[in-house]
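Here's the structure, in structure tokens; my notes come after.
The values are calculated or read from the model by the stated rules, or taken from the named source; none is laboratory data. Being a predicted model, the structure only gives us computed values, none of them experimental. For neighbour counting, all protein chains shown are included, and Cβ atoms are generated from backbone atoms with ideal geometry for every residue, glycine included.
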Amino acid sequence: MLATTLYEEGDHRWIMFARDPQKAEGIIDTNQYMVQSGDQAILLDPGGIELFAPMLSAVLKFVPAEHITHLFASHQDPDIISSLGLWDQALPNAKLYSPWLWESFIRHFGMEKIEFCAIPDEGMTLNIGRIQLQFIPAHYLHSSGNFHVYDPKAKILMSGDVGAAMESTDAPLWVDTMSTHIPKMRKFHQRWMPSNEAKLDWIRRARQLDIQIMAPQHGRLFQPPHVQEFLNWFEDLPVGIAIKG
Amino acid sequence: MATPIFVTAASIAAELHQAMLEAKGLALTAKNARALAVRAGSKTVGFKAITHFIDELASDIIRQSQYINGVSEHLSHNAVALWRASTAAEKFDWIETQHSDNIASLHHAMQSCYQQREALSHTLSRGLRELEQQLEEGDKHIRTANLIATSSKVEAASAGDFRNQLEVIAQNITDTADKIRAHLSQARRLLGQRQKHTP
């Protein structure tokens, strides 16, 4: 599992875990993130059950297990959080932050020890060490209960499935030109995102944030000016196309 | 590859559920037989006495099937928990080989997981032994059912005008006992296969 430090200032770090060369064939490649501040850390969308061992092994290279105090699941999908039953064994004292809507569904992955902390529809903030993270509503993008994570200090937005692209595990980490990257995103966004209204609401929220890195759960990451270019492109993109056929 | 134990236990529970349904049919047969014996009067006194045994046997089989069903379902649940703990333990073993810097910080969780796996494994072994004993108990009921079926046939033969109807009932008892025996045999076969594969 490739680990990349996206941001580091003092003991405040963003680490991305992705591009696992041992990943089984047929499983979608995912980006996992860890935000650390002091002796606390949160894993953002820690991944599927198949990824648990390489993910935990990679994380332990940066922090001891007792410092992983929080987990975040943007929504209920298996590639996001089906590893929960195993994290439950590894981090019995951790707290899982996830949309309130999905609590009774996510518990199907197995959660006896970890504490579920419901995020209300309007979002909330969470202190990790000396920093404060914001859970930004991203409902219907694509899940009906969905949040992204914004770190105002690092100026990083973890944007879940928004900005995602289907690429091979050896793809570069950063978007270089939008014209070549857009074809890799278009169908995913048009088919997976169900609501133009929800899309515009999210774009309005995103434009209020100072984003130096937009970090989706699949594919490459965006930096300025590609962040703005993405927002403009997404704004014009008709989504929810499956019902128009 | 051996069938996972939670699948085996669930399959045994399903077999016992079927056995219980057959036993409910047997209870109904007992009621019909009793009604017929009352109508037939003195010629079927022997048969009437047997209907009480059929009724009692059906109740015993239903009670025991329900109990075994409960044991099997509990076993299946227990086996799933063991599978989860074992999966986590295997992942931890692999992580340990990776020499991660902070592997020591995971030791408490690892030990707790290994202990849980051990405890669940013991509980599962105990449950399997109990299941085997209960299934053996079920075989005794089947032997009783066969005796009752034979006696019913003998009594039916001397029931005069009611002979044909009572013979149908006696055959019904035999058929039902055969079906229950088949479900119990299948349950024991599943359990036997499981134990053959269990170290």
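The table below lists the values:
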read-out	value
Some residue of region A:174-183 being modelled with pLDDT under 95 and either aliphatic (A, V, I, L, M) or part of a strand (DSSP E or B) (or both)	no
B:ARG84 being in a helix (DSSP H, G or I), under 26 Å from B:ALA9 (Cα atoms), more than 8 Å from every other protein chain (Cβ to nearest Cβ) and not polar (S, T, N, Q)	no
Considering residues of region B:83-101 that are surrounded by fewer than 20 Cβ atoms within 10 Å (Cβ to Cβ) and hydrophobic (A, V, I, L, M, F, W, C) only, the residue farthest from B:ALA119 (Cα to Cα)	B:TRP94
Counted residues, region A:103-119 - those being within 14 Å of chain B (Cβ to nearest Cβ) and without any contact (Cβ under 8 Å) to a residue 24 or more places away in the chain	2
Whichever residue in region B:93-102 is within 7 Å of chain A (Cβ to nearest Cβ), over 9 Å from A:ALA65 (Cβ atoms) and not hydroxyl-bearing (Ser, Thr, Tyr) and, among such residues, is nearest to the chain's Cα centre (by Cα)	B:TRP94
Selected residue [part of a helix (DSSP H, G or I) and either modelled with pLDDT of 85 or more or hydroxyl-bearing (Ser, Thr, Tyr) (or both)] from B:GLU73, B:GLU96	B:GLU96
Count - residues of region A:2-33 that are at positive phi and surrounded by 20 or more Cβ atoms within 10 Å (Cβ to Cβ)	1
Matching residues, region A:110-133, being in contact with a Gly (Cβ under 7 Å, 6 or more places away or on another chain) and either modelled with pLDDT of 95 or more or part of a strand (DSSP E or B) (or both)	A:GLY129, A:ARG130
Residue check, B:ALA119 surrounded by fewer than 14 Cβ atoms within 10 Å (Cβ to Cβ) and part of a helix (DSSP H, G or I)	yes
Cross-chain or 6+ apart pairs with Cβ under 6 Å, region A:36-53 first and free of Cβ contacts under 8 Å to residues at least 60 places away in the same chain, then assigned to a helix (DSSP H, G or I)	A:GLY47/A:MET55; A:GLY48/A:PRO78; A:GLY48/A:ASP79; A:PHE52/A:LEU86; A:PHE52/B:LYS91; A:ALA53/B:LYS91; A:ALA53/B:TRP94; A:ALA53/B:ILE95
Per-region count, region B:1-34, residues closer than 26 Å to B:SER121 by Cα and assigned to a helix (DSSP H, G or I)	13
Which listed residue, of B:ALA49, B:ALA37, is assigned to a helix (DSSP H, G or I), buried (at least 17 other Cβ atoms within 10 Å of the Cβ) and more than 25 Å from the chain's Cα centre (by Cα)	B:ALA37
Selection status of B:ASP161, within 14 Å of chain A (Cβ to nearest Cβ) and at pLDDT below 90	no
Residue that is modelled with the lowest pLDDT [pool: residues in region A:4-29 that are part of a loop (DSSP other than H, G, I, E, B) and hydrophobic (A, V, I, L, M, F, W, C)]	A:ALA24
One residue from A:GLN190, A:GLN228 being modelled with pLDDT of 95 or more, polar (S, T, N, Q) and either farther than 29 Å from A:ILE27 by Cβ or not in a helix (DSSP H, G or I) (or both)	A:GLN228
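Conditions tested, residue by residue: (1) at pLDDT 85 or above; (2) in contact with a His (Cβ under 9 Å, 6 or more places away or on another chain).
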{"residue": "B:VAL7", "(1), (2)": "no, no"}
{"residue": "B:ALA13", "(1), (2)": "no, no"}
{"residue": "B:GLN18", "(1), (2)": "yes, yes"}
{"residue": "B:GLY25", "(1), (2)": "yes, no"}
{"residue": "B:LYS48", "(1), (2)": "no, no"}
